[in-house]
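Read the structure below first, then the notes.
The values are calculated or read from the model by the stated rules, or taken from the named source; none is laboratory data. Quick caveat: nothing in here was measured; it's all calculated off a predicted structure. Cβ: placed from backbone, ideal geometry, glycine included. Neighbour counts: every protein chain shown.
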Amino acid sequence: MTSELKTTHEPKVSDVLSSLLASSKNPAEILELYYWSREEGMTEFIRAVAALPETSRGALMNLFRNARDKKAIRANANSDGSVTLMSCRLGQVVSPCRMTLSATA
């Protein structure tokens, strides 16, 4: 009986990283993504946002893009299961922009 050696053609981690860095226009962004991925729950959050329908993802991106101060964005969970996001646009200090999101089963 002969034993067959199984060989894998999986690339080494160092080769993958070298390839990513070499093909990137901005290698610092890859390092930044790595740091973000180490934050608890961030990978799950990114996957959830990526899975949203295009219109929902676009609405969120508009809210984030137009927020005068990203740290001032607030999310409130409502009793009906929806979430309201609030942020002030540049020049609209008095009236916040609101977005209400709800999950459907």
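Residues that are modelled with pLDDT of 85 or more, touching a strand residue (DSSP E or B) at 6+ places or on another chain (Cβ under 6 Å) and among the hydrophobic types (A, V, I, L, M, F, W, C) do not occur anywhere in region 22-39. With the checklist (1) at pLDDT below 85; (2) in contact with a strand residue (DSSP E or B) (Cβ under 8 Å, 6 or more places away or on another chain); (3) surrounded by 12 or more Cβ atoms within 10 Å (Cβ to Cβ) in hand, flag the one item Ala72 doesn't pass. It fails just one condition, (3). Is it the case that Ala48 is out of contact with any His (no Cβ under 8 Å at 6 or more places or on another chain) and over 30 Å from Ser19 (Cβ atoms)? The answer is no for Ala48.
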